[in-house]
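None of the figures in this text is laboratory data; all of them are computed from the coordinates on show. Just so it is clear, the model here is predicted, and its values are computed rather than measured. We place every Cβ from the backbone using ideal geometry, glycine too, and count neighbours over all the protein chains shown.
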Amino acid sequence: MAEPESIRDLEKKKLDSYWEAKDPPYRIKLLDDVRGWCLVLMMAYHGAYLLGLAEGRFHWVYAWQFYGMASSLQPLVAALFILISGFCAHLSANNGKRALQLGLTAAVISLFTIVVLPQFGIGYMAVRFGILHMLACAKLLYHLLRKVLDKIPVLIGFTLFLGLFLFTFTAKEGYFALFDLFRVNLPDKLVQSRWLYFLGFGPDLASFDYFPLLPYVFLFLSGACMGKYAKKGFPKFCYESYMRPIGYLGKHSLIVYLLHIPVLYGLFTLLQTFTGLGSV
């Protein structure tokens, strides 16, 4: 049996996307595993939110306690997921198409959660600018600027965008800052503008899922810079899946993201009906 071609051989053949390669040996399956675990943790986090929310249907106090403890880990899990998404964007030749797909999906989610769900007393599930909105914009930006961004050396690009992520992390608070070394206060009109909610400004609006472009687009671009290392090849173990069910979730992350809330809500409703869940 012939040996599988190396990543460098694939590069010579100008394969459009390592990430989308149909032949299993060329897919970086370890990324599927990691992204799958991110999804599992996300589902546990959202499930605890649904079970424990006082204004919701279930109001299970133990779940609310778990949600409170998990809240400190949620930003780290989300950050890892966004980094991986940026990494994979560099390995894809269809970022424009994917940005359109994500954008349309995000628009449908917003319409459904803001307009439809309140009619059923579930207004707290509103998604105004969630992670899919942010990823759609980030992928489109990367698609438009790719020729320029790809010319930036890996370490310089990663450090630059990671620094911008940290610098703009406090945008919602009305200023940019890099630790205690440098701070820029933003104009009040900018910070209070309701039209710039997608950037991370404006008054607080109730939202179940909120990931503004500032700072998260820079985290995505940091991941895209890291994706350049893939063309040099990774150790062999990176192309193997060690937790196939988890990797399967990671490989189908968009579908899992879309279905997990209604599935969890339906499951909890059944449990409440037959076991009295929520009476604790």
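Regarding the chain, what is the average projected area of its C-alpha convex hull, in nm²?
Values: hull surface 71.3 nm².
Mean shadow area of the hull around the Cα atoms is 17.8 nm².
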Mind listing which chymotrypsin sites (Phe, Trp or Tyr not before Pro) in the stretch 156-219 are in a DSSP loop and have 13 or fewer other Cβ atoms within 10 Å? Phe179
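Given an 8 Å cut-off on Cα distances and at least 6 residues of separation, report the relative contact order of the stretch 93-238 as a percent.
Details: 199 pairs, mean separation 39.8, N = 146.
Dividing the mean separation by the residue count of the stretch 93-238 yields 27 percent.
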Once label points are set 7 Å from the Cα along Cα→Cβ at both Asp150 and Cys238, what is their separation, rounded to one decimal in nm? 1.8 nm
Given Cβ point charges of +1 (Lys, Arg) and -1 (Asp, Glu) and nothing else, what value in debye, to the nearest 20, does the dipole of the chain about its Cα centre take? 760 debye
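Let me have the relative contact order for the chain, percent, based on Cα pairs under 8 Å that are six or more residues apart.
On the way: 400 pairs, mean separation 86.1, N = 280.
Rounded, it is 31 percent for the chain.
What's the exposure ranking of Lys29, Lys172, Lys147, going from fewest to most Cβ atoms within 10 Å?
Working: Lys29 21, Lys172 17, Lys147 7.
Listing Lys29, Lys172, Lys147 from fewest to most nearby Cβ atoms yields Lys147, Lys172, Lys29.
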Chymotrypsin sites (Phe, Trp or Tyr not before Pro) restricted to DSSP loop in the stretch 235-280 with at most 16 other C-beta within 10 Å: Tyr242
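Which FRET efficiency, nearest 0.05, do Leu181 and Thr105 yield, Cβ-Cβ r, R0 41 Å? It would help to have the intermediate numbers written out before the result.
Numbers: r = 40 Å, r/R0 = 0.97.
Once the sixth-power term is evaluated, E becomes 0.55.
Give me Ser72, Ser92 ranked fewest to most by other Cβ atoms within 10 Å of their Cβ, as a rough exposure proxy. Show your work: numbers first, answer last.
On the way: Ser72 8, Ser92 19.
Ascending number of Cβ neighbours within 10 Å: Ser72, Ser92.
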Could you list which residues have their amide H under 5 Å from that of Gln192, counting only those 5 or more apart in sequence or on another chain, with H placed in the peptide plane? Gly202
Here the tail fraction of P(r) beyond 13 Å, over all Cα-Cα pairs of the stretch 170-224, rounds in percent to 63 percent
With θ set to phi - 60° and the Karplus curve 6.51 cos²θ - 1.76 cosθ + 1.60, what are the ³J(HN,Hα) couplings of the stretch 123-129 in order, to the nearest whole Hz, using x for Gly and Pro? x, 6, 8, 4, 10, 9, 8
Final fewest-first order of His133, His59 on the 10 Å Cβ neighbour count is His59, His133
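Taking a 25 Å limit on the Cα-Cα distance, which of the listed pairs Lys228/Lys251; Lys139/Lys189; Lys29/Lys151 fall beyond it? Each step should come with its number before you reach the end.
Details: Lys228/Lys251 20 Å; Lys139/Lys189 29 Å; Lys29/Lys151 27 Å.
Long pairs (Cα-Cα over 25 Å): Lys139/Lys189; Lys29/Lys151.
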Along the Cα-to-C-beta direction of Val61, a point sits 7 Å from the Cα; which residues of the stretch 246-278 have their amide N less than 14 Å from that point? 278
Taking amide H positions as placed 1.01 Å from N in the peptide plane, with prolines and chain starts having none, which residues 5 or more places from Tyr175, or on another chain, fall under 5 Å of its amide H? Leu186
With everything on Cα atoms, drop me the angle between helix 74-90 and the longest principal axis of the chain, reported from 0 to 90° to the nearest 10. 30 degrees
Let me see the P(r) profile for the stretch 195-280: every Cα-Cα distance counted, bins of 5 Å, each bin given as a percent of all pairs. 3, 10, 9, 11, 15, 16, 13, 10, 8, 4, 1, 0
Taking one equal scatterer on every alpha-carbon of the stretch 93-238, how large is log10 of I(q)/I(0) by Debye at q = 0.09, 0.15 1/Å? -0.36, -0.89
